[in-house]
Amino acid sequence: DAGVIQSPRHEVTEMGQEVTLRCKPISGHDYLFWYRQTMMRGLELLIYFNNNVPIDDSGMPEDRFSAKMPNASFSTLKIQPSEPRDSAVYFCASSWWGGPGVGEQYFGPGTRLTVT
Amino acid sequence: AQSVTQLGSHVSVSEGALVLLRCNYSSSVPPYLFWYVQYPNQGLQLLLKYTTGATLVKGINGFEAEFKKSETSFHLTKPSAHMSDAAEYFCAVSERGGATNKLIFGTGTLLAVQP
């Protein structure tokens, strides 16, 4: 398996622009997680899905952030409008509940977002 | 609610020395515990995990961790540090003992290895 795939790997945008981050989880995984990592705040869970349904979005910082999972193989995290404080590395992770690797999350390489 | 505390945000060791990274957890149910490693500019990668059974768990790259219920600890060790071990290490506990696959992460420990 190719692992969790994220695109783009790097994104530089201007304040006020819309940003869309994409994630393809590992085939067969039924959980998908979006995290944000910064020096100041560390690793933060933004939202997670189970079987394509959002379960907990309490970590989404504000209404400018939205996430969707239209099918089992694709998810997006959108920021509209973007602000400089959104600059961070965004990770997607997936996992499979109930298997031998219960709880084990597989992380993508991340998208480094810079908002100027 | 589950929580994780990692003592020491920065740890520095000499090459060849023992590595000890500390992790204490709080859980109202039997925990599933994990250590992840993050190399520069990469995502997190699983080092090892404890779910049930043997309390001494061996992982990749010579790391191991011991689950001590009485101490609510899951410290990570490696007998001899290598330069390539320089990375950030995260301890995590599974929410509600694995009822979901959500992980509660510690704040991380940055390991530096001096030549």
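Every residue in segment A:77-94 that is within 17 Å of residue A:13 (Cα to Cα), in a strand (DSSP E or B) and not basic (Lys, Arg), please. Once the filter is applied, which keeps residues that are within 17 Å of residue A:13 (Cα to Cα), in a strand (DSSP E or B) and not basic (Lys, Arg), segment A:77-94 yields A:77, A:79, A:88, A:89, A:90. For segment B:37-47, residues that are more than 8 Å from chain A (Cβ to nearest Cβ) and either touching a strand residue (DSSP E or B) at 6+ places or on another chain (Cβ under 6 Å) or among the β-branched types (Val, Ile, Thr) (or both) total 4. Of all the listed residues (A:13, A:20, A:76), the sole one being among the hydroxyl-bearing types (Ser, Thr, Tyr) and surrounded by 16 or more Cβ atoms within 10 Å (Cβ to Cβ) is A:13.
Examine segment B:93-102 for a residue that is within 13 Å of another protein chain (Cβ to nearest Cβ) and either assigned to a strand (DSSP E or B) or at pLDDT 90 or above (or both), and state whether such a residue exists. Within segment B:93-102, one or more residues are within 13 Å of another protein chain (Cβ to nearest Cβ) and either assigned to a strand (DSSP E or B) or at pLDDT 90 or above (or both). Condition test on residue B:16, is it of a type outside the set (Ser, Thr, Tyr) and either on the phi > 0 side of the Ramachandran plot or touching a Leu at 6+ places or on another chain (Cβ under 9 Å) (or both)? Answer is yes for this residue. Here is a check on your reading of the model: is residue A:103 without any contact (Cβ under 8 Å) to a residue 12 or more places away in the chain and either in a loop (DSSP other than H, G, I, E, B) or surrounded by fewer than 20 Cβ atoms within 10 Å (Cβ to Cβ) (or both)? Yes; evaluated as a whole, the condition is true for this residue. Scanning segment B:14-44 for residues that are under 21 Å from residue B:114 (Cα atoms) and surrounded by fewer than 19 Cβ atoms within 10 Å (Cβ to Cβ) gives B:14, B:15, B:16, B:17, B:18, B:20, B:22, B:39, B:40, B:41. Report, by residue number, each residue of segment B:48-72 that is of a type in the set (Ser, Thr, Tyr) and away from every other protein chain (no Cβ under 14 Å). Across segment B:48-72, the qualifying residues are B:55, B:70, B:72. Scanning segment A:50-62 for residues that are hydrophobic (A, V, I, L, M, F, W, C), more than 10 Å from chain B (Cβ to nearest Cβ) and over 19 Å from residue A:6 (Cβ atoms) yields one hit, A:53. Within segment B:21-71, being assigned to a strand (DSSP E or B), of a type in the set (A, V, I, L, M, F, W, C) and within 20 Å of residue B:3 (Cα to Cα) holds for B:21, B:23, B:33, B:34, B:35, B:37, B:44, B:46, B:47, B:48, B:65, B:67.
The strands (runs of 3 or more DSSP E) falling completely within segment A:1-49 that include 1 or more residues that are within 11 Å of chain B (Cβ to nearest Cβ) and not hydroxyl-bearing (Ser, Thr, Tyr) map to A:5-7, A:10-13, A:31-38. Taking first residues from segment B:35-46 that are more than 14 Å from residue B:59 (Cβ to Cβ) and partners that are β-branched (Val, Ile, Thr) and not in a strand (DSSP E or B), the Cβ contacts under 8 Å between residues at least 6 apart in sequence or on separate chains come to B:43/A:4.
Residues in segment A:62-95 that are in contact with a Phe, Trp or Tyr (Cβ under 8 Å, 6 or more places away or on another chain) and closer than 18 Å to residue B:43 by Cα: A:75, A:77, A:90, A:91, A:92, A:93, A:94, A:95.
The values are calculated or read from the model by the stated rules, or taken from the named source; none is laboratory data. Only a predicted model underlies this, so the values are computations on that prediction, with no experimental measurement involved. Note that each Cβ is placed from the backbone with ideal geometry, even for glycine, and that neighbours are counted across all protein chains shown.
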